[in-house]
1. Please name whichever of A:Gly109, A:Ala69, A:Ile327 sits farthest to the positive end of the charge dipole of chain A, dipole taken about the Cα centre and charges placed at Cβ: Lys and Arg +1, Asp and Glu -1.
2. Calculate, in nm to one decimal, what B:Arg317 and B:Lys27 gain on full extension: separation in residues at 0.36 nm each, minus their alpha carbon distance.
3. Can you pull the percent of the protein assembly as shown's accessible area that's carbon plus sulfur, 1.4 Å probe, other chains left in place?
4. If B:His117, A:His269, A:His8 are ordered by their accessible area, calculated over protein heavy atoms with a 1.4 Å probe, which sequence runs from highest to lowest?
5. Could you give the dipole magnitude of the protein assembly as shown about its Cα centre, charging the beta-carbon of Lys and Arg +1 and that of Asp and Glu -1, in debye to the nearest 20?
6. Give the ranking of A:Thr213, B:Thr352 by solvent-accessible surface, highest area first, calculated with a 1.4 Å probe.
7. Quickly estimate the mean residue ellipticity at 222 nm for the protein assembly as shown, helices only: each DSSP H run with n ≥ 4 gives -39500 (n - 2.57), and the total goes over all residues, rounded to 500.
8. As a test of reading the structure, rank A:Lys104, B:Lys130 by solvent-accessible area (1.4 Å probe, protein chains only), most first.
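The values are calculated or read from the model by the stated rules, or taken from the named source; none is laboratory data. Keep in mind that what you see is a predicted model, and the values were worked out from it rather than measured. Cβ coordinates were reconstructed from backbone atoms using ideal geometry, including for glycine residues, and neighbour counts include every protein chain displayed. Please note that ligands, DNA and RNA were not included when accessible areas were found on the heavy atoms of the full protein model with its side chains. Shrake-Rupley method; radii C 1.70, N 1.55, O 1.52, S 1.80 Å.
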Number of protein chains: 2
Amino acid sequence: MAIATRYHWEKLESFCSSVFEKAGVSKENSRIVANSLIEADLRGVDSHGVVRTAIYLERIEKGMIDPDAKPVISNESDAALLVDGHNNFGSVVGTNALTIALEKARENGVALVGVKHSNHFGTGAYYAKKAIDQDIILLVLSNASQTMPPTGGVRPFIGTNPLAVGIPAGENPPFILDMATSVVARGKIIVEAQKGNSIPLGWAIDKEGNPTTDANAALEGSVLPLGGPKGYGISMFIDILAGVLTGAGFGKYVNNMYSNWEEPQNVGHIFLAIDVNAFMPIELFKQRMDQYITEIKAEPKATGVEEIFIPGEIESRRAEERKENGIELPLKVVEELNSIGMRYGVDLAAATYELNSLGEVQK
Amino acid sequence: MAIATRYHWEKLESFCSSVFEKAGVSKENSRIVANSLIEADLRGVDSHGVVRTAIYLERIEKGMIDPDAKPVISNESDAALLVDGHNNFGSVVGTNALTIALEKARENGVALVGVKHSNHFGTGAYYAKKAIDQDIILLVLSNASQTMPPTGGVRPFIGTNPLAVGIPAGENPPFILDMATSVVARGKIIVEAQKGNSIPLGWAIDKEGNPTTDANAALEGSVLPLGGPKGYGISMFIDILAGVLTGAGFGKYVNNMYSNWEEPQNVGHIFLAIDVNAFMPIELFKQRMDQYITEIKAEPKATGVEEIFIPGEIESRRAEERKENGIELPLKVVEELNSIGMRYGVDLAAATYELNSLGEVQK
């Protein structure tokens with residue numbers, strides 16, 4: 001019998017959540033971690049989806065993540081707060097920090113929450129979307145382990161430190177920008193290497209610091225920052241706020257999730273939340289956003305372009321589509337999840353996306 | 001007699017300040033505007049320096065800037081404030097907003113000041129540097145009139161909306177990132193067009209939306225955002241915060257300083273100020289910054305690279321050099337300033353950088 005590769009998003013989320021529970025994570029935190037993975041898959045950011053289940057479990061098992069730790073506010077002024085994640089899951093720590101940021105933004109108009117002692121927190125869009133649901137504007141920054149050189153350097157020093165922004169709109173889709181500060185994601189280079197393809201000049205340098213079109217040489221070298229010195233500057237800014245300012249790691253002191261098994265990652269994050277009502281009534285703001293988005297989407301299009309999109313719009317549509325038609329996983333990921341399920345006694349097959357006898361989707 | 005082209009920075013600042021006073025601007029505001037121009041020239045950002053004196057004067061004379069207007073806080077919560085610039089100079093309005101942001105950041109740990117009804121505010125680095133002098137981290141955003149298309153579009157919709165960040169360090173130079181969200185400044189394309197040179201593919205599109213290496217065709221078309229959709233997203237984010245959220249213009253409602261003489265620009269800005277002490281003692285933070293900067297500068301260098309710089313370091317050195325050796329202005333700018341001086345009865349020659357009989361600089 002062929003193994004199923006299409007899964008129902010809610011059932012797949014339950015599967016992941018159950019696995020984390022069986023691995024000793026509390027029900028509440030298991031749900032957060034599973035939800036953050038599924039949200040990434042729904043939006044098409046498969047690299048940050050259920051494919052991460054295995055590494056997350058391995059980091060618990062080897063004591064690199066403490067799923068019982070309680071994030072603590074370790075420093076507090078009215079609108080600027082520091083959360084010590086005490087090395088719980090990044091998405092658990094991040095969700096805690098977000099909750100505080102949203103609450104404090106409502107009290108003060110704006111709130112800045114810094115986070116130290118955290119881990120890989122999934123996608124920034126995950127938090128941006130939650131803020132949008134509460135009519136709050138959110139800027140999220142996180143540092144990451146070393147993958148990019150400084151301008152003029154030859155080896156990784158800074159991470160592809162991501163930034164994400166969520167801004168609510170009215171009738172139009174919300175603005176959700178979620179980007180790494182590299183030219184392209186390292187994952188794209190891995191894919192090209194696997195296919196035996198070359199990569200465009202400008203994506204990466206080899207380990208001697210020379211520009212390269214060889215995907216394998218690029219993987220041994222460094223991904224390049226977006227736009228040269230500008231991306232280097234933005235990435236460094238993120239590292240300083242998320243790392244230097246919070247007391248988390250920065251530069252080489254942010255440990256790699258896949259290769260360092262000696263000590264926790266000590267990732268740092270920043271959550272900046274803005275209550276629109278401090279500036280204008282939310283309904284007026286949403287009208288202005290709708291006007292802005294409508295005007296930009298009505299712009300004349302370049303040859304071959306069917307539609308002008310705003311950031312996050314494609315991903316939001318994909319999420320609707322995947323909620324409707326299920327999430328297709330690569331066979332390799334299915335096999336991995338299957339073996340995880342067998343190890344923890346959770347049945348992956350129960351999450352299969354079922355078609356009826358007419359080949360129609362069973363809701 | 002050959003006309004002098006090298007000027008003493010403080011004397012040139014006095015010249016500009018006197019001209020603005022003669023044009024009806026208060027002494028205090030004249031000093032702010034002149035100081036913001038000279039600071040740009042000192043740092044080597046000549047496009048934002050005294051070359052702008054003429055257009056600033058013209059906009060006062062034609063009623064497009066109101067130099068008597070008093071910026072007013074029109075909305076206030078504890079840490080989020082809105083300043084209505086009432087159409088005074090951008091640098092005057094910006095300096096007011098910065099003062100409020102620094103004060104409120106000290107009270108609340110963080111402060112976000114939005115600004116509407118402003119004008120071109122000079123360089124973001126101008127404000128970043130002032131915040132650094134007071135041990136405050138600053139993020140500055142501004143929107144601008146239309147120069148870049150959305151991804152997939154063919155004509156300008158968003159500005160090259162700049163962002164600037166200032167972060168204090170200890171012994172090492174501070175971090176000052178100040179960048180437009182375009183691949184290159186439009187001014188660079190103007191220079192190449194004047195020289196009859198072509199431009200690299202990727203800098204701009206022509207007016208039909210086709211990629212072009214023709215500098216003149218590029219000037220009739222659009223500058224492209226940094227890194228394609230990423231720069232488009234960042235620029236749009238800046239427009240939304242600085243424009244949509246504050247009540248300023250956004251998209252096509254930010255008027256061009258050079259071509260629109262019907263109504264004020266209605267530029268919007270954002271000043272986000274962070275008091276380091278809300279997170280850790282400033283001295284500890286500066287130690288961490290020094291370590292970070294020292295480590296990044298000590299990285300192995302690519303072939304032909306003599307030094308790895310952090311953002312703003314080159315400009316800070318240039319400012320020291322120009323304070324020492326004077327500011328060299330293009331002859332065309334000197335002639336323009338000279339004629340402005342004659343019109344307002346202020347002597348440009350008094351600002352000449354003088355050498356003694358040995359050819360040495362007179363301090």
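1. A:Ala69
2. 101.4 nm
3. Answer for the protein assembly as shown is 50 percent, counting heavy atoms of protein chains only.
4. From most exposed to least exposed: B:His117, A:His8, A:His269.
5. Dipole size: approximately 400 debye.
6. A:Thr213, B:Thr352
7. -12000 deg cm²/dmol
8. B:Lys130, A:Lys104
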